[in-house]
Amino acid sequence: MGMSGLILPRLISDGMILQQKKKARIWGWDEPGRKVCVSFLGSDYGCETGMNGEWEIFLKETEPGGPYEMRISDDGGAERKIRDILIGDVFLCSGQSNMELPMRRVIDRYPQELLRFDEDREDMPVRTFKITEQSDFHGPLKDLESGEWTAVSKDTILDFSATAYFFAKHFYAVSGVPVGLINASLGGSRIETWMGRDMLAGYQDFLALADQYGDDAFVKGQLKKNEEQADAWHSRLDAADRGLRENWAQGNPDRGQNPEEADGVGWKDVEIPFFFENTELNGFIGSVWFSREFTVDENLAGREAKLWLGTIVDSDTVYVNGVCVGHTDYQYPPRKYVVPEGLLRQGKNTIVIRVKCETGHGRFTDGKTYALFREEERIELSGVWQYRIGASCEIIGETDFVNWKPTGLYHAMTAPCHKYAIAGILWYQGESNTHAAASRYLELTERMISGYREKWNDEIPFIYVQLPNFAADIYEKERNETYSDWPGIREAQRQALNIPGTGMVVAIDLGEDNDLHPLNKEGIGYRLAMQAAAKLYGLRIECSGPQVEKVSAERILSAGAQERQEGPEQTIWQITLHCKNASGLYACSEDKGTEIKDFELMDEKERLFAVRAVVVENDVVLKCDEPLEQIREIRYCYHNTNRGALLYNADGFPMSPFRLECSI
């Protein structure tokens, strides 16, 4: 970084929130030998710029408050004023898509969060510093290359991380101090890309990748290849697509007549939502057109309306009465489009969806809303549609996600934050490691936490979200259908609680079985806030669910043996799980009944057996009808998602899924 006068890092800027009750560092760059003075809250702090052009001072520990102003100057006449400074608690919010996911993706679930800014009340002192996606494989950057402090308001809330926003909302309700959120997150990223080379010492495969991507020419070539192969695939498909040539966007011209042409490839019926694999489209790669008619009455005709079409794999373009009303490039975002005023007509209307399938796993996701609506008017769009293949194509070339490679995001997005004092770290990640490095996730987590604390020179709390329920085996198939160890990552996350100063949010009840990006971010944020309040303020509030503290077992005579009264006695196991944090223990589920179905026992031959489970006061009693010789392991919810009711304490916190080794 060339020095040409007084320079400040991006984090030290208007609207910043400084960490309370810590000696916050103020730093920057200047010409070597320059004397720098920092004036803040009636105190002056001085230092001299080193030969490397860097300077720093540490402020006195300060109580929450603000807004304040800071003056920074040097003896060469340069001066900077930092305005609108608050003092409170600052958190690094990091991880992958479920941390990055903005409020605009969930606002339909939480419309009251916009309305709260219309109310006559004091503003909530919450601010975010969003760092734009960037990687660097040469080493840690000295400063961030993007970001500014933004206060939450009606105009800005939609760009806030939903998880971080709801955390701040509930944490502020408990603490009453301003909350700063440094958002360093990226969808799809793995844990190793948020770690430095020193933290990955001994992981030769990761370090070799980091070295490979340290070659700028190689990276440039990969990015060019990504763009060219994607453009070529889409161009070939579009050129071959009969639907584009014949303007199928207008709908099925043969509707009401015999749908089959002589070649047998005309329009056919299908019921949406559906998985392609359950139809003649199994494994299909290319473009498929879907069409149906719907009737609009006088109340909706000519008016603007919302059009929701669940989620679709992989991309789609949607036409209403021949006019394009929406397009989405990839599978994850919910298809929420707007039909503009004047397009809907009274009587018959047509909707057409052109879907591109890139890897042979096409679907219209079940359990989602497929409807056109406005206020009280609603037209359901699930049901029978007609479809026709536009063109088939070879599988699309695999994208090289450069920014996901080891060390890249850490160097560019996290390392430049280490000098900025924070209260703690919020971490929501793990989904991408279910396909790779799952067996090493616990050690990687340990190394990352230790490394971060060393870099910040502070034993900061590390609070993270355990992976939620999600039927990954059904809804997250990759091109090669790679094995996904969703339960294994969850277990590694549970075991990470043995690291001092950590807290975990159990989210087995906050996910959606059919969506990698569940909408219930307020539930996540609330539980994160309770963990942080307990860790930072020592508040005596419940923030964890029931945990198995002790296991006792006994053999009892099986009911079958008692009834037969013949042959050798057969005994079964009765196992009692004695729990802590389990006052008022109960079982329930919103959509899977009240029966507990998720306990299993594993014997010495690694065979799994289902067991019956009942709650007895604050304990869980398990009974297995199989005559097992030995029990090596007890499992709870050790699957991608739960099958039955979940266990909660009286405060509404769930028991974590677990895999407990034992010798019985």
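The values are calculated or read from the model by the stated rules, or taken from the named source; none is laboratory data. In this text, all values refer to a predicted model and were calculated from it rather than measured experimentally. Here the Cβ is made from the backbone with ideal geometry for all residues, glycine too, and neighbour counts use every protein chain on show. The accessibility values were calculated without ligands, DNA or RNA, using every heavy atom of the protein model including side chains. Shrake-Rupley method; radii C 1.70, N 1.55, O 1.52, S 1.80 Å.
For segment 513-664, what ratio Rg/Rh do Cα atoms give with a Kirkwood hydrodynamic radius?
With Rg and the Kirkwood Rh in hand, the quotient comes to 1.04.
Answer rounded, prolate or oblate for segment 363-428, using the Cα gyration tensor with square roots of eigenvalues a ≥ b ≥ c: rounded when a/c is under 1.5, else prolate when a/b is larger than b/c, else oblate.
oblate
Among HIS435, SER315, THR414, pick out the residue whose Cα is farthest towards the positive end of the charge dipole of segment 296-440, where Lys and Arg carry +1 and Asp and Glu carry -1 on C-beta, about the Cα centre.
THR414
Can you give the accessible area of LYS21, probe radius 1.4 Å, in Å² rounded to 10?
100 Å²
Note down the net charge around TYR526, summing +1 for each Lys or Arg and -1 for each Asp or Glu among other residues with Cβ under 13 Å from its Cβ.
Local net charge: -1.
Evaluate segment 1-75: find the radius of gyration of its Cα atoms, find its Kirkwood radius, and give the ratio Rg to Rh.
Radius of gyration over Kirkwood radius for segment 1-75 works out to 0.97.
So what is the 222 nm mean residue ellipticity for the chain from helices alone, if each DSSP H run of at least 4 adds -39500 (n - 2.57) and you divide by all residues, rounding to the nearest 500 deg cm²/dmol?
Mean residue ellipticity at 222 nm (helix-derived): -5000 deg cm²/dmol.
Can you give the Kirkwood hydrodynamic radius for the chain, in Å, rounded to one decimal and based on Cα pairs?
The answer is 28.2 Å.
Cα-Cα pairs above 23 Å in segment 397-522: how many percent?
Above the 23 Å cut-off, segment 397-522 has 39 percent of its Cα pairs.
Using θ = phi - 60° and the Karplus relation 6.51 cos²θ - 1.76 cosθ + 1.60, list the HN-Hα couplings for segment 22-37 in order, rounded to whole Hz, with x at every Gly or Pro.
9, 7, 5, 8, 10, 9, x, 9, 7, 5, x, x, 5, 8, 10, 10
How many angstrom lie between the C-alpha centres of segment 511-560 and segment 364-420?
29 Å
State whether segment 1-154 is rounded, prolate or oblate according to the following rule on the C-alpha gyration tensor (a ≥ b ≥ c being the square roots of its eigenvalues): a/c under 1.5 gives rounded; otherwise a/b larger than b/c gives prolate, and the remaining case gives oblate.
Because a/c hits 1.5 or more and a/b fails to exceed b/c, segment 1-154 counts as oblate.
Using the Cα gyration tensor of segment 117-258, with a ≥ b ≥ c the square roots of its eigenvalues, what is the shape: rounded (a/c below 1.5), prolate (a/b larger than b/c) or oblate (neither)?
oblate
Sorted by accessible area (1.4 Å probe), largest first, how do LEU141, LEU200 line up?
LEU141, LEU200
Enumerate the amide H contacts of SER189 below 5 Å, restricted to partners 5 or more residues apart or on another chain; note that Pro and chain-start residues carry no placed amide H.
Here the answer is SER97, since their amide H atoms fall under 5 Å of that of SER189.
Are there any GluC sites (Glu not before Pro) in segment 361-400 that are in a DSSP loop and have at most 15 other Cβ atoms within 10 Å? List them by number.
Here the sparse-neighbourhood loop sites are GLU375, GLU376, GLU394, GLU398.
For segment 123-190, just the Cα atoms, rotate onto the principal axes and tell me the three extents in Å, largest first.
Answer, in whole Å and largest first: 42, 24, 23 Å.
Leaving ligands and nucleic acids out of the surface, order GLU277, GLU298 by accessible area at 1.4 Å, largest first.
Descending order: GLU298, GLU277.
Give, as a single signed number, the net charge of other residues whose beta carbon lies under 12 Å from the beta carbon of GLU246, with Lys and Arg counted +1 and Asp and Glu -1.
Surrounding charge for GLU246 is +1.
Leaving ligands, DNA and RNA out of it, rank TYR337, TYR636 by accessible area with a 1.4 Å probe, largest first.
Listed by decreasing accessible area, they come as TYR337, TYR636.
Taking a 32 Å limit on the Cα-Cα distance, which of the listed pairs LYS368/LYS580; LYS81/LYS154; LYS224/LYS521; LYS81/LYS405; LYS60/LYS130; LYS169/LYS336 fall beyond it?
Pairs exceeding 32 Å: LYS368/LYS580; LYS224/LYS521; LYS81/LYS405.
At 1.4 Å probe size, with the rest of the protein present, what percent of the exposed accessible area of segment 81-177 is carbon and sulfur atoms?
45 percent
Roll a 1.4 angstrom probe over the protein heavy atoms and tell me the percent of accessible area of segment 343-454 that is carbon or sulfur.
46 percent
In whole Hz, with x marking every Gly and Pro, tabulate ³J(HN,Hα) for segment 333-347 from phi via Karplus 6.51 cos²θ - 1.76 cosθ + 1.60, θ = phi - 60°.
Here the 3J(HN,Hα) series is x, x, 7, 10, 10, 10, 8, x, 4, x, 8, 6, 10, 5, x Hz.
How large is the direction-averaged shadow of the alpha-carbon convex hull of segment 600-664, in nm²?
Computed as one quarter of the Cα hull surface, the answer is 4.9 nm².
Report the local net charge at TYR441: Lys and Arg +1, Asp and Glu -1, summed over other residues whose C-beta lies under 15 Å from its C-beta.
That sum, taken over residues with Cβ under 15 Å, equals -1.
Between ASP329 and ARG440, 0.36 nm times their residue separation minus their Cα-Cα distance comes to what?
Extending this stretch completely gives an extra 36.7 nm.
Place a +1 charge on the Cβ of each Lys and Arg in segment 131-211 and a -1 charge on the Cβ of each Asp and Glu, then give the dipole magnitude about the Cα centre in debye, rounded to the nearest 20.
Dipole about the Cα centre, nearest 20: 400 debye.
Between segment 610-664 and segment 26-44, what is the C-alpha centre distance in whole Å?
Each part reduced to its Cα centre gives a spacing of 59 Å.
I need the fraction of alpha carbon pairs in segment 181-245 separated by more than 17 Å, rounded to a whole percent.
Cα-Cα pairs of segment 181-245 separated by over 17 Å account for 65 percent.
Provide the gained length on full extension for the span ASP14 to VAL621, in nm with one decimal, where the gain is 0.36 nm per separating residue minus the Cα-Cα distance.
212.8 nm
On average, how much accessible surface per residue is there in segment 291-336, in Å², for a 1.4 Å probe, leaving out ligands, DNA and RNA?
Heavy-atom accessible area per residue stands at 39 Å².
Treating the beta-carbon of each Lys and Arg as +1 and of each Asp and Glu as -1, no other charges, what is the dipole magnitude of the chain about its Cα centre, to the nearest 20 debye?
Magnitude of the dipole: close to 1020 debye.
Just read off the accessible area of ARG242 with the full protein assembly in place, 1.4 Å probe, to the nearest 10 Å².
Using a 1.4 Å probe on the heavy atoms, I get roughly 70 Å².
Alpha carbons only, please: Rg and Dmax for segment 439-498, in angstrom.
14.5, 43
For segment 563-653, with all protein chains present and a 1.4 Å probe, just round the carbon and sulfur fraction of the accessible area to a whole percent.
Roughly 41 percent, rounded to a whole number.
Can you tell me how much longer the chain between GLU375 and LEU114 gets when fully stretched, taken as 0.36 nm per residue apart minus their C-alpha distance, in nm with one decimal?
Full extension of this stretch gives 92.2 nm more.
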